[in-house]
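Undergrad: Sharing a structure here in structure tokens format.
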Amino acid sequence: MLDFIVWNADPVLFHIGNFSLRWYSLAFMVGFLIGYEIEARIYKHEGAPERWLGVLLLWTMAGTIIGARLGHVFFYEWDKYSQDPITILYVWEGGLASHGGTIGIILGVLAYSIFTTKRNPLWTFDRLVIPIALVGGLIRLGNLMNSEIFGHATDLPWGFMFIRSHEWHSLYYGQACHPTQIYEALCYFALFGLLMWMYWKKNAEERPGLIFGVFFIILFGTRFLIEFIKNDQVEFESDMTLNMGQWLSVPFILIGVLLVIYAMMRPKLHIDFPNRFADEETPAKKRG
């Protein structure tokens, strides 16, 4: 049995003329499509207005892309982008930060709650983070196809040699590295399964903030731990005890703990689920 895996995946799925579709982009699109279907089932289950779904999709996509891009710019490479601000718009060149995407989604959901649902934002967060966990796993698989965001050298038999990566050639040539993209993807898929079980089997949505809090604790807790074996994204992180990704994860973990405490200390809501799409005038009724 080989002591390592030679990873030589082409990051581009296919070319048509000047157009090319990358696996990473496909992961994004598939994630949003599946996520939309999951949210549709949840909204139908609760009798929430169908119109809300399209609005939520727009806010979520905008918040994810804009937030992730600006997060990378300001958290990791402001010195570079401040010299040529127009390159901030060059999203196709890479450079997205999940923490920035999280902040963007939070702001989008707050706006969605104010202008569309007129409900407590926790109502949306508890339902939206379920497919987001799935999307996060798919995006990490997209990183794998790009041969990027991998870990330190390892002697473990499942180590990968990322031969298409310039970073691997300059730092680890001849050595296998931790496929941290797979580690994170598996953790996020497991989190997705847990949140689905909490919602559909344990009625955790009856405690507003519980699903959202568990999502924050596990997702960013996982990110915090895996960062110890992941390569630094930018040079200034080499002198840090905890890298930027870890420092940015800490507030989200703490918020998650507070959300879980808040949810468990408050009485449960008892929700009447009509299991259909409601009219604007007849949202799901709550008793108690």
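Undergrad: Considering only DSSP beta bridges with both partners in the chain, what is the antiparallel share in %, to the nearest 5? Don't skip to the answer; put the middle values down first.
TA: On the way: 9 of 13 bridges.
Approximately 70 percent, going by the DSSP bridge assignments.
Undergrad: Okay, moving on. With every protein chain kept in the model, how would you rank 206, 77 by accessible area, 1.4 Å probe, largest at the top? Mind showing how you got there, number by number?
TA: Working: 206 20, 77 50 Å².
Greatest to least solvent exposure: 77, 206.
Undergrad: OK, next. If a paramagnetic tag sat 7 Å from the Cα of residue 156 along the Cα-Cβ line, which residues of region 205-232 would have the backbone N under 20 Å from that point?
TA: So the set is 218-232.
Undergrad: If you wrap region 48-135's Cα atoms in a convex hull and average its projection over all directions, what's the area in nm²? The partial results should precede the final answer.
TA: Numbers: hull surface 25.1 nm².
Averaged projected hull area, Cα only: 6.3 nm².
Undergrad: Separate question: For region 1-57, with every protein chain kept in place, what is the accessible area per residue (1.4 Å probe, Å²)?
TA: On the way: 3410 Å² over 57 residues.
Value returned for region 1-57: 60 Å² of accessible area per residue.
Undergrad: Continuing with this model, one more query. With every protein chain present, what accessible area does residue 247 have (1.4 Å probe, heavy atoms only), rounded to the nearest 10 Å²?
TA: Residue 247 exposes around 140 Å² with every protein chain in place.
Undergrad: Also, I was wondering about something else. List the trypsin sites (Lys or Arg not before Pro) in region 113-153 that DSSP assigns to loop (not H, G, I, E or B) and whose Cβ has at most 15 other Cβ atoms within 10 Å. Which are they?
TA: Details: sites: 118, 119, 127, 140; in loops: 118, 119.
Those that pass, being in a loop and sparsely packed, are 118, 119.
Undergrad: Next question, about the same structure. Of the listed values [x] 58, 44, 38; [y] 63, 43, 41; [z] 74, 49, 40, grab the one calculated as Cα extents along the principal axes in Å from the structure here.
TA: The calculated read-out lines up with [y].
Undergrad: What shape does region 1-154 have by the C-alpha gyration tensor, where a ≥ b ≥ c are the square roots of the eigenvalues, rounded means a/c under 1.5, and otherwise prolate means a/b greater than b/c and oblate the rest? Intermediate results must be reported in sequence, preceding the final value.
TA: Values: a/c = 1.99, a/b = 1.47, b/c = 1.36.
Verdict is prolate for region 1-154.
Undergrad: Looking at this model, which pairs from 80/118; 118/268; 118/230; 118/201; 44/268 are more than 32 angstrom apart at the alpha-carbon? Display every interim value, and only then the final one.
TA: Details: 80/118 41 Å; 118/268 20 Å; 118/230 41 Å; 118/201 27 Å; 44/268 21 Å.
80/118; 118/230, as the Cα separations exceed 32 Å there.
Undergrad: If contacts are Cα pairs under 8 angstrom and at least 6 residues apart, what is the relative contact order of region 8-71 in percent? Present the calculation step by step, with values, prior to reporting the outcome.
TA: Values: 24 pairs, mean separation 10.0, N = 64.
The value is 16 percent.
Undergrad: Right, next: Residues with beta-carbon under 12 Å from that of residue 143, excluding residue 143: net charge, scoring Lys, Arg +1 and Asp, Glu -1? Can you show the working numbers first?
TA: Values: positive: 22, 140, 230; negative: 148, 184.
My count for the surroundings of residue 143 gives +1.
Undergrad: Follow-up. Heads up, I need the accessible area for residue 183: 1.4 angstrom probe, whole protein in place, Å², nearest 10.
TA: Using a 1.4 Å probe on the heavy atoms, I get roughly 50 Å².
Undergrad: Further question: Restricting to Cα pairs below 8 Å that are 6+ residues apart, what does the relative contact order work out to for the chain? Please round to a whole percent. Intermediate results must be reported in sequence, preceding the final value.
TA: On the way: 449 pairs, mean separation 71.7, N = 288.
Computed over the chain, the figure is 25 percent.
The values are calculated or read from the model by the stated rules, or taken from the named source; none is laboratory data. Treat the numbers as computed from the prediction; the structure is a model and nothing was measured. Glycine also receives a Cβ, built like all others from the backbone with ideal geometry; neighbour counts cover every protein chain displayed. For the accessible areas, the whole protein counts, side chains as well, though only heavy atoms, and no ligand, DNA or RNA atoms are used. Shrake-Rupley method; radii C 1.70, N 1.55, O 1.52, S 1.80 Å.
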